[in-house]
Each structure stands twice: as structure tokens, then as C-alpha cells.
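*Asks:* Input: one structure, supplied below.
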Amino acid sequence: MKIVVLVKEVPDTYGDRKLNLETGLADREASERVLDEIGERALEVALSYADKNAGTEVVVLSMASEAASATVRKGLAMGAASAVQVVDAGLLGADLGLTAEVLAAALRKTGFDLVIAGNQSTDGSAGLIPAMVAELLDVPNATFLSSVEIGETAVSGTRASDGATAQVSAEYPALISITEALPDARFPNFKGIMAAKKKPFETLSLADLDIDPDDHSASRSIMTAVSEKPPREAGVKIVDEGDAGTQLAEFLIQNRLV
């Protein structure tokens, strides 16, 4: 079985997150860049299956700048057999539509039985890429899974909602996305880090995938304006002098909160 895991380099959650006010894009130099935690968990699902099933090939796939190769290589150190990275200047500021198109094209080229992704990245947080990629590939998708069971012919899992849980399954080829309910990822050991240097690492361009980023037959987003978030203003403090209830009611009414 061939399992491809979608991973992404993101700004460290615990670092500063800023927008470049000239380009409207995330300033990825403002903090340390790391492999997204939810992508690591997705990789752990694949590697845990591979540990118990000989002949399973695990590939990590990412769309990022050339500078992200060191981050993507962490997936190899964790245990993936190979990596594929799509790098192209035309992808700077790519929207969801272009991102999904590129990932789908790369998956067609790479080949897969099962694709595993995180439910949403910690930078964009759109939560749409897995379903969009599955639609473009015309394969079934089971998203936002809080448990996963990979079988010989199908994958199944549990999707939780506010009022119930659903058991879902999909026959291969298929795509799933997982939530943070899945186990934490393993840490790369020294042996894995050294082995990662010799593992296959393929770099693809848009030309390799026959994609034109300026082709307007597909939807492309356009940034019209960007500005820095205004500083937070001091809140309203209500002192109870016998009329706190009235003050609170007036505040709620004025701010249309009731």
C-alpha cells in the first residue's frame, strides 16, 4: 500500500505571527518555521500502520518554498520513505483553489492508495483543502476523523459532532483528514535523522505538473487591501453602586448584544 501524507511548514504557534503589509502575505521570517503539528499527527497515523504492515510505502508531500525543504525532511527523519515537494515562484500567495489544484496534480503524478491530511493548518485554518483535493481527484473522502482504522481494502474512522458520532468508511483510493484527537507524533531519533539525508527527495515545479498559475479558467483570489490590526482598546469597567444591573443592561443594549 502507498500512503501519501500532506504536510506543511507553518510559523511556530508559540511565536509572533505577522502579515507583510506590502504583500498581504504571512511574514514567515517573523518566527521560527516548523512542520505543522496536525501534519505530524497525520504522518504518525501512516507510520503506525507501516510499522505493523510490511510493504507499506509512506510518502510526505508538501507545497512550499525551497527554504522549507529542511522542515519537510523532518518527515523523512520520522520514518517516511520519500518526500515530494512542489516549489515554484508562481505559487507565492497561492489561494485555496490553486493550492488544491497543485496538490491534486502532484498526487496524480506520485500515485497513492490513501492520502492522509490534517483537518486544518495552524496558519490558514481554512479546513477545506482535504475535501477540495479529494473532489479534484474524484476519490471518496472521510474528513475530520477522531479515530482511524486502515484496512486492506478500505479506511474507516469516527467523526464527532456536537450531538453524535458517525462511523464512516471509504474504499481505496481515498483521502482522509484527521483531528488532534489522534496521538502525538513520534520524535525523530538520531538514526532517523541520518537516514533522512539519503532518502529520495523529489522537487517538482508547476511545469512538471502542467499547471499555469496565471490561467484564469480556474478561480484565483486577489488581495485588494491589507492593514495592521488596530490596538485593543480598554474595556468598560462597571462599578456597582447599586445600579450595576442597569449599567450592564444599557451596555448590552448599546452594543446590540441582546
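The values are calculated or read from the model by the stated rules, or taken from the named source; none is laboratory data. This is a predicted model, so every value here is computed, not measured. Note that we place each Cβ from the backbone using ideal geometry, even for glycine, and neighbour counts take in every protein chain shown.
*Asks:* Residues in segment 1-24 that are aliphatic (A, V, I, L, M), under 22 Å from G118 (Cα atoms) and outside any strand (DSSP E or B): how many?
*Replies:* Within segment 1-24, the subset aliphatic (A, V, I, L, M) is 1, 3-7, 10, 19, 21.
Then keep just the ones that are under 22 Å from G118 (Cα atoms); that gives 1, 3-7, 10.
Next cut, outside any strand (DSSP E or B) only: 1, 7.
Total satisfying the criteria: 2.
*Asks:* Starting from segment 58-79, keep only residues that are charged (D, E, K, R), then list their pairs with residues that are buried (at least 22 other Cβ atoms within 10 Å of the Cβ) whose Cβ atoms are within a distance under 6 Å, requiring at least 6 positions of separation or different chains.
*Replies:* K74/L35
*Asks:* Moving on to the next point. Criterion first (closer than 25 Å to G127 by Cα, buried (at least 16 other Cβ atoms within 10 Å of the Cβ), at pLDDT below 95 and not β-branched (V, I, T)) does P213 satisfy it?
*Replies:* Details: closer than 25 Å to G127 by Cα: yes; buried (at least 16 other Cβ atoms within 10 Å of the Cβ): yes; at pLDDT below 95: yes; not β-branched (V, I, T): yes.
The answer is yes for P213.
*Asks:* Taking segment 182-215 only, how many residues are under 30 Å from E149 (Cα atoms) and among the polar types (S, T, N, Q)?
*Replies:* Kept after step one, since they are under 30 Å from E149 (Cα atoms), are these residues of segment 182-215: 182-193, 195-196, 199-202.
So of that shortlist, the ones also among the polar types (S, T, N, Q) come out as 189.
Of the residues in that region, 1 qualify.
*Asks:* Scan (1) farther than 27 Å from D27 by Cα; (2) under 16 Å from the mean Cα position of the chain (by Cα) for the single condition E135 breaks and write down its number.
*Replies:* (2)
*Asks:* With S219, S205, S227 as the choices, which residue is surrounded by 10 or more Cβ atoms within 10 Å (Cβ to Cβ), among the polar types (S, T, N, Q) and modelled with pLDDT under 85? Before you say what the answer is, go through the steps one by one.
*Replies:* Working: S205 fails: modelled with pLDDT under 85; S227 fails: surrounded by 10 or more Cβ atoms within 10 Å (Cβ to Cβ).
Answer to the check: S219.
*Asks:* Listed residues E9, E29; which is closer than 20 Å to V133 by Cα, of a type outside the set (V, I, T) and modelled with pLDDT under 95?
*Replies:* E9
*Asks:* Tell me which residues, restricted to segment 101-118, are in a helix (DSSP H, G or I), of a type outside the set (K, R) and touching a residue at least 60 places away in the same chain (Cβ under 8 Å). Break it down stepwise before answering.
*Replies:* Here is the first cut: in segment 101-118, the residues in a helix (DSSP H, G or I) are 101-110.
With of a type outside the set (K, R) added as a condition, the list becomes 101-107, 110.
Across segment 101-118, the qualifying residues are E101, V102, L103, A105, A106, L107, T110.
Results for (1) crowded, with 17+ Cβ neighbours inside 10 Å; (2) within 30 Å of M223 (Cα to Cα); (3) touching a Lys or Arg at 6+ places or on another chain (Cβ under 8 Å); (4) among the hydrophobic types (A, V, I, L, M, F, W, C), shown as yes or no for each residue.
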position: T71; (1), (2), (3), (4): yes, yes, yes, no
position: M78; (1), (2), (3), (4): yes, no, yes, yes
position: G93; (1), (2), (3), (4): no, yes, no, no
position: E135; (1), (2), (3), (4): no, yes, no, no
position: G151; (1), (2), (3), (4): no, no, no, no
position: A154; (1), (2), (3), (4): no, no, no, yes
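*Asks:* Evaluate segment 231-239: report whether one residue or more is without any contact (Cβ under 8 Å) to a residue 24 or more places away in the chain and in contact with a Phe, Trp or Tyr (Cβ under 8 Å, 6 or more places away or on another chain). It would help to see each step written out before you state the result.
*Replies:* Initial filter on segment 231-239 (without any contact (Cβ under 8 Å) to a residue 24 or more places away in the chain): 231-239.
Subsequent filtering for residues that are in contact with a Phe, Trp or Tyr (Cβ under 8 Å, 6 or more places away or on another chain) retains 236, 238.
Looking through segment 231-239, at least one residue is without any contact (Cβ under 8 Å) to a residue 24 or more places away in the chain and in contact with a Phe, Trp or Tyr (Cβ under 8 Å, 6 or more places away or on another chain).
Okay, residues lined up against (1) surrounded by fewer than 15 Cβ atoms within 10 Å (Cβ to Cβ); (2) closer than 17 Å to A64 by Cβ; (3) in contact (Cβ under 8 Å) with a residue 24 or more places away in the chain:
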| position | (1), (2), (3) |
| --- | --- |
| V5 | no, yes, yes |
| P11 | no, yes, yes |
| Y14 | yes, no, no |
| L19 | no, no, yes |
| L25 | yes, yes, yes |
| E29 | yes, yes, no |
| V34 | no, yes, yes |
| L47 | no, no, yes |
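*Asks:* Further question: Kindly evaluate L107 against the criterion of being surrounded by 23 or more Cβ atoms within 10 Å (Cβ to Cβ) and over 24 Å from Q167 (Cβ atoms).
*Replies:* Yes, satisfied.
*Asks:* Which of the residues belonging to segment 169-197 are surrounded by 17 or more Cβ atoms within 10 Å (Cβ to Cβ) and either of a type in the set (D, E, K, R) or more than 20 Å from D51 (Cβ to Cβ) (or both)? Before you say what the answer is, go through the steps one by one.
*Replies:* Step one: of segment 169-197, the residues surrounded by 17 or more Cβ atoms within 10 Å (Cβ to Cβ) are 170, 172-179, 182, 185, 188, 192, 196.
The answer is A170, P173, A174, L175, S177, T179.
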